[in-house]
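Novice: My questions all concern the structure below.
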Amino acid sequence: MNTTMDVRRRLPAVDALMADPSLQDTLKRHSRSLVRRSVRETLDDARRRLQNQALDADSLPIEFGDLVQRCVSRLDTLTQPNSRAVFNLTGTVIHTNLGRSPLPEPAIEAMAEAARHPIALEYDLESGGRGDRDTLVESLLCELTGAEAATVVNNNAGAVVLALGALGAGREAVISRGELIEIGGAFRMPDIMQAAGCSLHEVGATNRTHARDFEGALNDETGLIVKAHTSNYAITGFTKSVPEHELAEIAHRHGVPFLVDLGSGALTDLAALGLPYEALPRDTIAAGADVVTFSGDKLLGGPQAGIIVGKREMIERIKRHPLKRALRLDKLMLAALEATLRVYRDSDTPARDIPALAMLTRPEVDIAALGERLLPSVRTLLDDVDVTLQDCMSQLGSGSLPVDRLPSRALVWRPQAQERQARERALRCLEMAFRCLPKPVIGRLRDGALHLDLRCLMGEAQERQFVDQLKLLKSHYIASRTREET
Ligand SMILES: *Cc1c(COP(=O)(O)O)cnc(C)c1O
(Lines give C-alpha, C1' and ligand atoms only; values in the text may rest on other atoms or scores of the structure.)
Protein backbone atom coordinates (compact mmCIF):
# COMPACT_ATOMS: atom_id res chain seq x y z
CA MET A 1 0.00 0.00 0.00
CA ASN A 2 1.32 3.45 -0.87
CA THR A 3 0.81 5.31 2.37
CA THR A 4 1.82 8.72 0.99
CA MET A 5 -0.72 8.52 -1.81
CA ASP A 6 -3.30 7.33 0.61
CA VAL A 7 -2.69 10.24 2.96
CA ARG A 8 -2.68 12.80 0.17
CA ARG A 9 -5.98 11.60 -1.13
CA ARG A 10 -7.64 12.21 2.19
CA LEU A 11 -6.76 15.95 2.26
CA PRO A 12 -8.54 18.64 0.25
CA ALA A 13 -6.65 20.66 -2.40
CA VAL A 14 -5.39 24.14 -1.51
CA ASP A 15 -7.90 25.75 -3.85
CA ALA A 16 -10.79 23.77 -2.45
CA LEU A 17 -10.01 25.04 1.01
CA MET A 18 -9.49 28.60 -0.27
CA ALA A 19 -12.95 28.50 -1.84
CA ASP A 20 -14.64 27.43 1.38
CA PRO A 21 -17.38 29.94 2.31
CA SER A 22 -16.15 30.23 5.90
CA LEU A 23 -12.78 31.52 4.68
CA GLN A 24 -14.28 34.32 2.60
CA ASP A 25 -14.51 36.72 5.54
CA THR A 26 -10.90 36.01 6.38
CA LEU A 27 -9.95 36.74 2.79
CA LYS A 28 -11.42 40.21 3.13
CA ARG A 29 -9.15 40.95 6.07
CA HIS A 30 -5.92 39.44 4.74
CA SER A 31 -4.13 39.25 1.41
CA ARG A 32 -4.77 36.24 -0.82
CA SER A 33 -1.13 35.27 -0.68
CA LEU A 34 -1.13 35.24 3.11
CA VAL A 35 -4.30 33.13 3.30
CA ARG A 36 -2.89 30.76 0.69
CA ARG A 37 0.30 30.44 2.71
CA SER A 38 -1.58 29.55 5.85
CA VAL A 39 -3.78 27.06 3.94
CA ARG A 40 -0.69 25.39 2.52
CA GLU A 41 1.03 25.24 5.89
CA THR A 42 -2.11 23.87 7.53
CA LEU A 43 -2.32 21.10 4.92
CA ASP A 44 1.41 20.31 5.26
CA ASP A 45 0.90 20.05 8.96
CA ALA A 46 -2.13 17.76 8.59
CA ARG A 47 -0.20 15.57 6.13
CA ARG A 48 2.64 15.15 8.60
CA ARG A 49 0.22 14.22 11.34
CA LEU A 50 -1.45 11.66 9.09
CA GLN A 51 1.85 10.14 8.03
CA ASN A 52 3.00 9.83 11.63
CA GLN A 53 -0.13 7.95 12.44
CA ALA A 54 -0.37 6.20 9.06
CA LEU A 55 -0.80 2.80 10.58
CA ASP A 56 -4.09 3.63 12.18
CA ALA A 57 -4.91 6.45 9.81
CA ASP A 58 -8.50 5.36 9.54
CA SER A 59 -9.04 6.35 13.12
CA LEU A 60 -8.01 9.96 12.50
CA PRO A 61 -10.82 11.93 10.95
CA ILE A 62 -9.82 14.87 8.75
CA GLU A 63 -12.66 17.29 9.18
CA PHE A 64 -12.96 20.08 6.66
CA GLY A 65 -14.21 22.43 9.37
CA ASP A 66 -11.27 21.55 11.59
CA LEU A 67 -8.82 22.42 8.79
CA VAL A 68 -10.51 25.78 8.25
CA GLN A 69 -10.33 26.48 11.99
CA ARG A 70 -6.63 25.61 12.11
CA CYS A 71 -6.07 27.79 9.08
CA VAL A 72 -7.69 30.82 10.71
CA SER A 73 -5.76 30.41 13.95
CA ARG A 74 -2.52 30.03 11.97
CA LEU A 75 -3.35 33.33 10.28
CA ASP A 76 -3.90 34.96 13.66
CA THR A 77 -0.48 33.82 14.81
CA LEU A 78 1.16 34.86 11.55
CA THR A 79 -0.27 38.36 11.66
CA GLN A 80 0.21 39.09 15.34
CA PRO A 81 2.98 41.65 15.74
CA ASN A 82 6.01 40.58 17.77
CA SER A 83 6.29 44.02 19.31
CA ARG A 84 3.01 43.88 21.19
CA ALA A 85 1.70 46.34 23.72
CA VAL A 86 1.45 44.86 27.20
CA PHE A 87 0.20 46.01 30.60
CA ASN A 88 3.23 46.58 32.81
CA LEU A 89 1.88 45.63 36.23
CA THR A 90 5.27 44.38 37.47
CA GLY A 91 5.61 47.27 39.90
CA THR A 92 8.78 48.45 38.17
CA VAL A 93 7.77 51.68 36.46
CA ILE A 94 10.67 52.20 34.05
CA HIS A 95 11.13 48.57 33.05
CA THR A 96 13.98 48.03 30.58
CA ASN A 97 12.65 44.66 29.38
CA LEU A 98 9.27 46.25 28.67
CA GLY A 99 10.66 49.18 26.71
CA ARG A 100 11.12 51.67 29.58
CA SER A 101 8.84 54.75 29.56
CA PRO A 102 5.72 55.33 27.50
CA LEU A 103 6.26 58.60 25.64
CA PRO A 104 4.49 61.92 26.23
CA GLU A 105 1.68 62.53 23.76
CA PRO A 106 3.46 65.37 21.86
CA ALA A 107 6.42 63.02 21.30
CA ILE A 108 4.12 60.36 19.85
CA GLU A 109 2.58 62.92 17.49
CA ALA A 110 5.99 64.23 16.45
CA MET A 111 7.16 60.68 15.71
CA ALA A 112 4.13 59.93 13.59
CA GLU A 113 4.63 63.18 11.67
CA ALA A 114 8.31 62.43 11.09
CA ALA A 115 7.46 58.90 10.03
CA ARG A 116 4.83 60.02 7.55
CA HIS A 117 6.62 62.94 5.90
CA PRO A 118 10.06 64.17 4.91
CA ILE A 119 11.42 66.40 7.68
CA ALA A 120 14.11 69.08 7.80
CA LEU A 121 16.55 66.68 9.43
CA GLU A 122 19.88 67.82 8.06
CA TYR A 123 18.58 70.78 6.13
CA ASP A 124 18.77 74.37 7.26
CA LEU A 125 15.42 75.93 6.44
CA GLU A 126 16.81 79.47 6.79
CA SER A 127 19.78 79.24 4.47
CA GLY A 128 18.53 76.38 2.34
CA GLY A 129 21.87 74.68 2.85
CA ARG A 130 22.96 71.51 4.56
CA GLY A 131 22.24 71.33 8.26
CA ASP A 132 23.25 69.23 11.24
CA ARG A 133 20.69 66.89 12.79
CA ASP A 134 21.87 67.75 16.30
CA THR A 135 20.49 71.28 15.91
CA LEU A 136 16.98 69.85 16.28
CA VAL A 137 17.63 69.40 19.99
CA GLU A 138 20.85 71.21 20.81
CA SER A 139 19.49 74.58 21.91
CA LEU A 140 16.77 72.92 24.00
CA LEU A 141 19.36 70.73 25.72
CA CYS A 142 21.59 73.73 26.38
CA GLU A 143 18.67 75.67 27.82
CA LEU A 144 17.65 72.77 30.07
CA THR A 145 21.15 71.92 31.33
CA GLY A 146 23.06 75.18 31.17
CA ALA A 147 25.63 73.58 28.86
CA GLU A 148 27.39 75.37 25.98
CA ALA A 149 26.79 72.62 23.45
CA ALA A 150 25.12 69.24 23.05
CA THR A 151 24.96 66.20 20.82
CA VAL A 152 22.88 63.02 20.88
CA VAL A 153 23.43 59.37 20.01
CA ASN A 154 21.56 56.09 20.13
CA ASN A 155 21.74 55.45 23.89
CA ASN A 156 23.75 56.37 26.94
CA ALA A 157 26.05 53.35 26.68
CA GLY A 158 26.93 54.63 23.20
CA ALA A 159 27.34 58.15 24.56
CA VAL A 160 29.90 56.95 27.12
CA VAL A 161 31.90 54.92 24.57
CA LEU A 162 31.90 57.83 22.15
CA ALA A 163 32.91 60.43 24.72
CA LEU A 164 35.69 58.22 26.08
CA GLY A 165 36.91 57.41 22.59
CA ALA A 166 36.92 61.03 21.47
CA LEU A 167 38.52 62.48 24.59
CA GLY A 168 40.78 59.74 25.89
CA ALA A 169 41.69 57.12 23.27
CA GLY A 170 45.30 55.97 23.61
CA ARG A 171 45.53 57.55 27.04
CA GLU A 172 44.54 56.77 30.60
CA ALA A 173 41.04 57.25 31.97
CA VAL A 174 41.24 57.83 35.71
CA ILE A 175 38.27 56.63 37.77
CA SER A 176 37.53 55.70 41.38
CA ARG A 177 37.47 51.98 42.26
CA GLY A 178 34.07 52.62 43.81
CA GLU A 179 32.62 53.48 40.40
CA LEU A 180 33.68 50.57 38.19
CA ILE A 181 30.04 49.82 37.62
CA GLU A 182 28.21 47.12 35.72
CA ILE A 183 24.89 48.36 34.38
CA GLY A 184 23.58 45.06 33.16
CA GLY A 185 24.18 43.04 30.05
CA ALA A 186 27.75 43.57 28.92
CA PHE A 187 28.04 47.18 30.06
CA ARG A 188 30.90 47.26 32.52
CA MET A 189 32.92 50.39 32.93
CA PRO A 190 36.36 48.69 32.59
CA ASP A 191 35.24 46.91 29.39
CA ILE A 192 33.71 50.06 27.96
CA MET A 193 36.94 51.95 28.55
CA GLN A 194 38.88 49.25 26.81
CA ALA A 195 36.46 49.20 23.89
CA ALA A 196 36.88 52.96 23.58
CA GLY A 197 40.66 52.57 23.44
CA CYS A 198 41.40 54.05 26.87
CA SER A 199 43.49 52.33 29.48
CA LEU A 200 41.83 52.11 32.85
CA HIS A 201 43.63 53.79 35.72
CA GLU A 202 41.70 53.00 38.88
CA VAL A 203 42.32 54.94 42.05
CA GLY A 204 41.29 54.81 45.70
CA ALA A 205 39.57 51.94 47.44
CA THR A 206 36.12 50.45 46.88
CA ASN A 207 34.59 52.43 49.72
CA ARG A 208 36.84 55.50 49.92
CA THR A 209 38.51 57.64 47.32
CA HIS A 210 40.23 60.95 48.15
CA ALA A 211 41.26 63.96 46.10
CA ARG A 212 44.90 63.04 46.71
CA ASP A 213 44.29 59.65 45.02
CA PHE A 214 43.39 61.48 41.82
CA GLU A 215 46.23 64.02 42.23
CA GLY A 216 48.70 61.16 42.59
CA ALA A 217 47.38 59.33 39.55
CA LEU A 218 47.68 62.15 37.05
CA ASN A 219 50.66 61.93 34.73
CA ASP A 220 51.68 62.52 31.10
CA GLU A 221 49.57 59.58 29.99
CA THR A 222 46.34 60.87 31.56
CA GLY A 223 43.58 61.45 29.01
CA LEU A 224 40.70 62.36 31.28
CA ILE A 225 39.07 61.95 34.68
CA VAL A 226 35.81 60.01 34.75
CA LYS A 227 33.01 59.90 37.28
CA ALA A 228 30.21 57.36 36.92
CA HIS A 229 26.93 57.65 38.76
CA THR A 230 26.42 54.51 40.87
CA SER A 231 22.73 54.27 40.18
CA ASN A 232 22.08 50.59 40.86
CA TYR A 233 23.97 50.05 44.10
CA ALA A 234 25.00 52.04 47.13
CA ILE A 235 28.23 52.06 49.08
CA THR A 236 27.29 52.99 52.61
CA GLY A 237 29.06 53.13 55.94
CA PHE A 238 32.69 54.29 56.04
CA THR A 239 32.77 55.95 52.65
CA LYS A 240 34.23 58.90 50.84
CA SER A 241 34.08 60.09 47.30
CA VAL A 242 35.40 63.26 45.74
CA PRO A 243 32.72 65.81 44.88
CA GLU A 244 32.31 66.84 41.27
CA HIS A 245 33.54 70.40 41.69
CA GLU A 246 36.80 69.18 43.26
CA LEU A 247 37.35 66.63 40.48
CA ALA A 248 36.70 69.33 37.90
CA GLU A 249 39.24 71.58 39.59
CA ILE A 250 41.88 68.81 39.71
CA ALA A 251 41.27 67.89 36.06
CA HIS A 252 41.51 71.46 34.87
CA ARG A 253 44.65 72.15 36.87
CA HIS A 254 46.24 69.28 34.93
CA GLY A 255 44.73 70.34 31.62
CA VAL A 256 42.57 67.22 31.10
CA PRO A 257 38.78 66.99 30.63
CA PHE A 258 36.39 65.79 33.32
CA LEU A 259 33.63 63.44 32.09
CA VAL A 260 30.58 62.47 34.15
CA ASP A 261 28.26 59.59 33.24
CA LEU A 262 25.05 60.41 35.10
CA GLY A 263 23.13 57.35 33.93
CA SER A 264 19.56 58.52 34.43
CA GLY A 265 19.85 62.25 34.76
CA ALA A 266 16.62 64.07 35.50
CA LEU A 267 15.57 67.32 33.89
CA THR A 268 13.34 68.36 36.75
CA ASP A 269 13.97 68.18 40.48
CA LEU A 270 12.51 64.80 41.46
CA ALA A 271 12.97 65.45 45.16
CA ALA A 272 10.52 68.35 44.85
CA LEU A 273 8.00 65.83 43.50
CA GLY A 274 8.44 63.59 46.52
CA LEU A 275 10.69 61.14 44.66
CA PRO A 276 14.25 60.12 45.53
CA TYR A 277 16.78 62.75 44.57
CA GLU A 278 18.27 62.23 41.13
CA ALA A 279 21.30 64.15 39.90
CA LEU A 280 20.46 66.99 37.52
CA PRO A 281 22.80 67.48 34.53
CA ARG A 282 22.47 71.22 35.19
CA ASP A 283 24.15 70.82 38.61
CA THR A 284 26.94 68.68 37.20
CA ILE A 285 27.62 71.23 34.46
CA ALA A 286 27.58 74.00 37.07
CA ALA A 287 30.09 72.01 39.15
CA GLY A 288 32.52 72.29 36.24
CA ALA A 289 32.15 68.99 34.35
CA ASP A 290 33.36 69.30 30.76
CA VAL A 291 31.09 66.57 29.42
CA VAL A 292 27.98 64.98 30.97
CA THR A 293 26.14 61.97 29.52
CA PHE A 294 22.70 60.60 30.39
CA SER A 295 19.85 58.49 29.00
CA GLY A 296 16.82 59.78 27.14
CA ASP A 297 14.55 56.97 28.30
CA LYS A 298 15.22 56.56 31.98
CA LEU A 299 13.93 59.16 34.42
CA LEU A 300 13.77 61.71 31.62
CA GLY A 301 10.83 59.72 30.26
CA GLY A 302 11.58 60.21 26.57
CA PRO A 303 12.72 57.94 23.73
CA GLN A 304 15.88 55.83 23.80
CA ALA A 305 18.79 58.20 23.33
CA GLY A 306 22.20 59.04 24.75
CA ILE A 307 22.51 62.72 25.51
CA ILE A 308 25.91 64.39 25.69
CA VAL A 309 26.17 67.98 26.93
CA GLY A 310 29.16 70.10 27.84
CA LYS A 311 31.83 72.57 26.75
CA ARG A 312 31.67 73.49 23.09
CA GLU A 313 35.24 72.45 22.33
CA MET A 314 34.69 68.97 23.82
CA ILE A 315 31.36 68.46 22.08
CA GLU A 316 33.02 69.43 18.77
CA ARG A 317 35.72 66.79 19.34
CA ILE A 318 33.04 64.21 20.12
CA LYS A 319 31.07 65.08 17.00
CA ARG A 320 34.13 64.68 14.79
CA HIS A 321 34.79 61.11 16.01
CA PRO A 322 33.89 58.46 13.39
CA LEU A 323 31.78 56.56 15.91
CA LYS A 324 29.41 59.53 16.10
CA ARG A 325 28.13 58.64 12.63
CA ALA A 326 27.78 54.99 13.61
CA LEU A 327 25.82 55.84 16.74
CA ARG A 328 23.66 58.63 15.37
CA LEU A 329 20.04 58.97 16.39
CA ASP A 330 17.38 58.36 13.75
CA LYS A 331 14.76 60.93 12.76
CA LEU A 332 11.90 59.32 14.71
CA MET A 333 13.81 59.34 17.98
CA LEU A 334 15.06 62.86 17.31
CA ALA A 335 11.52 64.07 16.72
CA ALA A 336 10.34 62.35 19.91
CA LEU A 337 13.26 63.68 21.92
CA GLU A 338 12.71 67.24 20.71
CA ALA A 339 9.02 67.08 21.65
CA THR A 340 9.83 65.61 25.08
CA LEU A 341 12.40 68.33 25.76
CA ARG A 342 9.84 70.96 24.77
CA VAL A 343 7.49 69.59 27.42
CA TYR A 344 10.21 70.10 30.03
CA ARG A 345 10.92 73.61 28.77
CA ASP A 346 7.34 74.77 28.28
CA SER A 347 5.03 72.85 30.59
CA ASP A 348 3.94 74.16 34.00
CA THR A 349 3.24 70.57 35.03
CA PRO A 350 5.93 68.23 33.63
CA ALA A 351 5.05 65.68 36.33
CA ARG A 352 1.62 65.40 34.74
CA ASP A 353 2.64 65.65 31.09
CA ILE A 354 5.53 63.17 31.13
CA PRO A 355 3.87 59.75 31.62
CA ALA A 356 6.85 58.24 33.45
CA LEU A 357 6.75 61.06 35.98
CA ALA A 358 2.95 60.89 36.19
CA MET A 359 3.17 57.20 37.08
CA LEU A 360 5.97 57.74 39.57
CA THR A 361 4.12 60.58 41.31
CA ARG A 362 0.65 59.03 41.11
CA PRO A 363 -1.11 59.58 44.44
CA GLU A 364 -1.57 56.46 46.53
CA VAL A 365 -5.28 57.25 47.06
CA ASP A 366 -5.77 57.19 43.32
CA ILE A 367 -4.25 53.71 43.02
CA ALA A 368 -6.21 52.50 46.04
CA ALA A 369 -9.47 53.76 44.49
CA LEU A 370 -8.68 51.91 41.29
CA GLY A 371 -8.07 48.74 43.29
CA GLU A 372 -11.42 49.08 45.06
CA ARG A 373 -13.15 49.60 41.69
CA LEU A 374 -11.56 46.49 40.18
CA LEU A 375 -11.76 44.10 43.11
CA PRO A 376 -15.48 43.17 43.06
CA SER A 377 -15.39 42.13 39.41
CA VAL A 378 -12.09 40.23 39.52
CA ARG A 379 -12.49 38.30 42.76
CA THR A 380 -15.14 36.00 41.32
CA LEU A 381 -13.43 35.33 37.99
CA LEU A 382 -11.75 32.03 38.88
CA ASP A 383 -13.16 29.48 41.31
CA ASP A 384 -9.89 28.23 42.73
CA VAL A 385 -7.99 31.51 42.91
CA ASP A 386 -8.38 33.98 45.76
CA VAL A 387 -7.94 37.66 44.84
CA THR A 388 -7.16 40.37 47.37
CA LEU A 389 -6.07 43.99 47.30
CA GLN A 390 -2.80 44.51 49.13
CA ASP A 391 -0.39 47.30 49.97
CA CYS A 392 2.86 47.11 48.04
CA MET A 393 5.84 49.21 47.01
CA SER A 394 6.56 50.10 43.38
CA GLN A 395 10.11 50.61 42.15
CA LEU A 396 11.51 53.27 39.83
CA GLY A 397 13.42 50.82 37.69
CA SER A 398 16.08 51.46 35.03
CA GLY A 399 18.84 50.56 37.40
CA SER A 400 17.69 52.79 40.22
CA LEU A 401 18.03 51.53 43.75
CA PRO A 402 14.95 49.97 45.30
CA VAL A 403 13.39 52.66 47.43
CA ASP A 404 10.49 52.46 49.83
CA ARG A 405 8.92 55.69 48.71
CA LEU A 406 6.33 54.59 46.19
CA PRO A 407 3.48 53.01 48.19
CA SER A 408 1.00 51.36 45.86
CA ARG A 409 -1.70 48.67 45.68
CA ALA A 410 -1.57 45.26 44.04
CA LEU A 411 -4.24 42.76 43.08
CA VAL A 412 -2.83 39.56 44.52
CA TRP A 413 -3.99 36.31 42.88
CA ARG A 414 -3.40 33.27 45.07
CA PRO A 415 -4.33 29.73 43.97
CA GLN A 416 -6.21 27.86 46.69
CA ALA A 417 -5.31 24.20 46.08
CA GLN A 418 -4.45 22.06 49.12
CA GLU A 419 -1.21 20.65 47.83
CA ARG A 420 1.84 22.84 47.29
CA GLN A 421 2.60 21.34 43.88
CA ALA A 422 -0.96 21.86 42.72
CA ARG A 423 -0.79 25.48 43.86
CA GLU A 424 2.46 26.01 41.97
CA ARG A 425 0.96 24.45 38.85
CA ALA A 426 -2.11 26.65 39.11
CA LEU A 427 0.08 29.72 39.57
CA ARG A 428 2.08 28.93 36.43
CA CYS A 429 -1.17 28.52 34.48
CA LEU A 430 -2.55 31.74 35.89
CA GLU A 431 0.53 33.70 34.89
CA MET A 432 0.36 32.09 31.46
CA ALA A 433 -3.34 32.96 31.11
CA PHE A 434 -2.59 36.63 31.79
CA ARG A 435 0.16 36.52 29.17
CA CYS A 436 -2.27 35.03 26.62
CA LEU A 437 -4.72 37.93 26.82
CA PRO A 438 -5.02 40.15 23.71
CA LYS A 439 -2.96 42.78 25.52
CA PRO A 440 -0.79 40.57 27.74
CA VAL A 441 -0.70 41.45 31.43
CA ILE A 442 2.76 41.14 32.99
CA GLY A 443 2.86 40.88 36.76
CA ARG A 444 5.27 39.51 39.31
CA LEU A 445 5.33 36.09 40.99
CA ARG A 446 6.06 36.32 44.66
CA ASP A 447 5.32 34.18 47.72
CA GLY A 448 3.07 31.78 45.84
CA ALA A 449 0.91 34.48 44.28
CA LEU A 450 0.73 36.66 41.19
CA HIS A 451 1.02 40.34 42.11
CA LEU A 452 -0.39 42.96 39.75
CA ASP A 453 0.80 46.39 40.90
CA LEU A 454 -1.84 48.86 39.70
CA ARG A 455 0.37 51.97 39.65
CA CYS A 456 0.96 51.84 35.88
CA LEU A 457 -2.65 51.04 34.97
CA MET A 458 -3.50 54.67 34.29
CA GLY A 459 -6.35 56.37 32.47
CA GLU A 460 -9.94 55.41 31.77
CA ALA A 461 -9.26 53.81 28.40
CA GLN A 462 -6.54 51.56 29.83
CA GLU A 463 -8.73 50.58 32.75
CA ARG A 464 -11.61 49.68 30.44
CA GLN A 465 -9.35 47.64 28.16
CA PHE A 466 -7.92 45.80 31.17
CA VAL A 467 -11.38 44.98 32.54
CA ASP A 468 -12.90 44.07 29.17
CA GLN A 469 -10.35 41.45 28.28
CA LEU A 470 -10.58 39.74 31.68
CA LYS A 471 -13.66 37.90 30.43
CA LEU A 472 -11.19 35.81 28.39
CA LEU A 473 -9.04 34.98 31.40
CA LYS A 474 -10.99 31.94 32.56
CA SER A 475 -10.89 30.14 29.21
CA HIS A 476 -7.14 30.77 28.87
CA TYR A 477 -6.65 29.57 32.42
CA ILE A 478 -8.64 26.39 31.82
CA ALA A 479 -6.87 25.76 28.50
CA SER A 480 -3.52 26.20 30.17
CA ARG A 481 -4.51 23.83 33.00
CA THR A 482 -5.65 21.22 30.49
CA ARG A 483 -2.30 21.49 28.67
CA GLU A 484 -0.43 21.06 31.96
CA GLU A 485 -2.41 17.95 32.81
CA THR A 486 -1.83 16.16 29.50
C1 LIG B 1 21.73 53.04 32.42
C2 LIG B 1 23.11 53.52 32.48
C3 LIG B 1 23.92 53.49 31.33
C4 LIG B 1 23.40 52.95 30.03
O5 LIG B 1 22.40 53.79 29.50
P6 LIG B 1 21.47 53.28 28.28
O7 LIG B 1 20.71 54.49 27.87
O8 LIG B 1 20.62 52.19 28.83
O9 LIG B 1 22.39 52.80 27.20
C10 LIG B 1 25.21 53.96 31.45
N11 LIG B 1 25.68 54.43 32.63
C12 LIG B 1 24.93 54.49 33.76
C13 LIG B 1 25.52 55.02 35.02
C14 LIG B 1 23.61 54.03 33.71
O15 LIG B 1 22.85 54.07 34.82
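The values are calculated or read from the model by the stated rules, or taken from the named source; none is laboratory data. Bear in mind the structure is a predicted one, so any value in this text is a computation, not a measurement. No Cβ is skipped: glycine too gets one built from the backbone with ideal geometry, and neighbour counts run over all protein chains shown. Heavy atoms of the whole protein, side chains included, go into the accessibility calculation; ligands, DNA and RNA do not. Shrake-Rupley method; radii C 1.70, N 1.55, O 1.52, S 1.80 Å.
Novice: With θ taken as phi - 60° and the coefficients 6.51, -1.76 and 1.60, list the Karplus ³J(HN,Hα) couplings across segment 68-84 in order, rounded to whole Hz; mark glycine and proline as x.
Specialist: Whole-Hz 3J(HN,Hα) from phi for segment 68-84: 4, 4, 4, 5, 5, 6, 5, 5, 4, 5, 4, 9, 6, x, 6, 8, 9.
Novice: Report the calculated FRET efficiency for D404 and R9 (r = Cβ-Cβ distance, R0 = 51 Å), to the nearest 0.05.
Specialist: With R0 = 51 Å, the Cβ-Cβ based efficiency is 0.15.
Novice: Roughly how many Å² of Y123 are accessible to a 1.4 Å probe, to the nearest 10?
Specialist: Looks like 120 Å² after rounding.
Novice: On the protein heavy atoms, probe 1.4 angstrom, tell me the percent of accessible surface of the chain carried by carbon and sulfur.
Specialist: In the chain, the share of accessible area belonging to carbon and sulfur is 49 percent.
Novice: Under the rule of at least 5 residues apart or a separate chain, name every residue whose amide H is placed under 5 Å from the amide H of S199.
Specialist: When sequence neighbours closer than 5 places are left aside, the close amide H contacts are G170, R171, E172, A173.
Novice: Okay, moving on. Ordering T77, T486, T209 from largest to smallest accessible area (1.4 angstrom probe), what's the sequence? Don't jump to the answer; show the numbers that get you there.
Specialist: On the way: T77 100, T486 140, T209 5 Å².
Ranked list, largest accessible area first: T486, T77, T209.
Novice: Give the percent of DSSP beta bridges with both residues in segment 155-261 that are antiparallel, rounded to the nearest 5.
Specialist: 15 percent
Novice: If each DSSP helix of 4+ residues adds -39,500 (n - 2.57) and the sum is divided by the residues in the chain, what number results at 222 nm, nearest 500 deg cm²/dmol? Working shown, then result.
Specialist: Values: 21 runs with 215 residues, N = 486.
Mean residue ellipticity at 222 nm (helix-derived): -13000 deg cm²/dmol.
Novice: How big is Rg to Rh over segment 418-486, alpha-carbon atoms, Rh as the Kirkwood inverse-mean-distance radius?
Specialist: 1.01
Novice: Additional query: Run the reach check for K28 against aspartates and glutamates, Cα to Cα strictly under 15 Å, same-chain hits fewer than 8 apart removed. What comes back?
Specialist: D20, D76
Novice: Cβ neighbours within 10 Å, averaged per peptide: list 418-428, 221-231 in order, most packed at the top.
Specialist: 221-231, 418-428
Novice: Let me ask something else. Write down the accessible area per residue of segment 380-443 in Å², having rolled a 1.4 Å probe over the full set of protein chains.
Specialist: Counting only protein heavy atoms, the per-residue value for segment 380-443 is 49 Å².
Novice: Please turn the phi angles of segment 355-367 into ³J(HN,Hα) values with the Karplus equation 6.51 cos²θ - 1.76 cosθ + 1.60 (θ = phi - 60°), one per residue in order, whole Hz, x for glycine and proline.
Specialist: These are the phi-based 3J(HN,Hα) values: x, 4, 6, 4, 5, 5, 9, 4, x, 4, 4, 5, 5 Hz.
Novice: Picking from P118, A289, L200, whose Cα lies most toward the positive end of the charge dipole for the chain (charges on Cβ: Lys, Arg +1; Asp, Glu -1)?
Specialist: Among P118, A289, L200, the one farthest towards the positive end of the dipole of the chain is P118.
Novice: Quick check: net charge around R317, other residues with Cβ under 12 Å of its Cβ, Lys/Arg +1 and Asp/Glu -1?
Specialist: Its environment carries a net charge of +2.
Novice: I've got another one for you. Find, among the GluC sites (Glu not before Pro) in segment 126-204, those assigned to loop by DSSP (not H, G, I, E, B) with at most 12 other beta-carbon atoms within 10 angstrom.
Specialist: E126
Novice: Still on this structure: Along Cα→Cβ, 7 Å out, is where each label goes; now give me the distance between the ones at R444 and M432 in nm to one decimal.
Specialist: If labels sit at R444 and M432, their model points lie 2.4 nm apart.
Novice: Per residue, how much accessible area does segment 105-349 show when a 1.4 Å probe rolls over the protein heavy atoms, in square angstrom?
Specialist: 43 Å²
Novice: Sticking with this one: Can you list the lysines whose alpha carbon sits under 26 Å from that of K298, skipping same-chain ones fewer than 8 residues off?
Specialist: K227, K311, K319, K324, K331, K439
Novice: Read phi for every residue in segment 231-248 and hand back ³J(HN,Hα) as whole Hz from Karplus 6.51 cos²θ - 1.76 cosθ + 1.60, θ = phi - 60°, with x for Gly and Pro.
Specialist: Once rounded to whole Hz, the list reads 7, 9, 8, 10, 9, 10, x, 7, 10, 7, 10, 8, x, 4, 5, 6, 4, 4.
Novice: Where does the charge balance sit around A461 when Lys and Arg score +1, Asp and Glu -1, over other residues with C-beta under 15 Å from its C-beta? Don't skip to the end; give the middle numbers.
Specialist: Numbers: positive: R373, K439, R464; negative: E105, E460, E463, D468.
Neighbour charge sum, excluding A461 itself: -1.
Novice: In segment 181-206, which residues have a backbone nitrogen under 13 Å from the label point lying 7 Å from E221's Cα in the Cα-to-Cβ direction?
Specialist: 198-202
Novice: Roughly what % of DSSP beta bridges within the chain run antiparallel, to the nearest 5?
Specialist: Taking every DSSP beta bridge within the chain, about 60 percent pair in antiparallel fashion.
Novice: Between S31 and L375, what is the spin-label point distance in nm, taking each point 7 Å from the Cα along the Cα→C-beta axis?
Specialist: Here the answer is 5.2 nm between the modelled labels.
Novice: So how far apart, in nm, are the two label points at E109 and A205 if each is 7 Å from Cα heading toward Cβ?
Specialist: Between E109 and A205, the simple spin-label model gives 5.7 nm.
Novice: What figure, in Å² to the nearest 10, do you get for the accessible area of T380 with a 1.4 Å probe and non-protein molecules left out?
Specialist: Using a 1.4 Å probe on the heavy atoms, I get roughly 110 Å².
Novice: For q values of 0.06, 0.08, 0.09, 0.13 Å⁻¹, compute log₁₀ I(q)/I(0) with the Debye formula on a Cα-only model of the chain, without solvent.
Specialist: Reported log10 I(q)/I(0), two decimals: -0.40, -0.67, -0.80, -1.18.
Novice: Which aspartates and glutamates have a Cα less than 16 Å from the Cα of K474, not counting those fewer than 8 places away in the same chain?
Specialist: Straight-distance partners of K474: D383, D384, D386, E431, E484.
Novice: Given H placed 1.01 Å from N in the peptide plane, which residues other than close sequence neighbours of I94 have an amide H under 5 Å from its amide H?
Specialist: Under 5 Å from the amide H of I94 lie the amide H atoms of G397, S398, each far enough along the sequence or on another chain.
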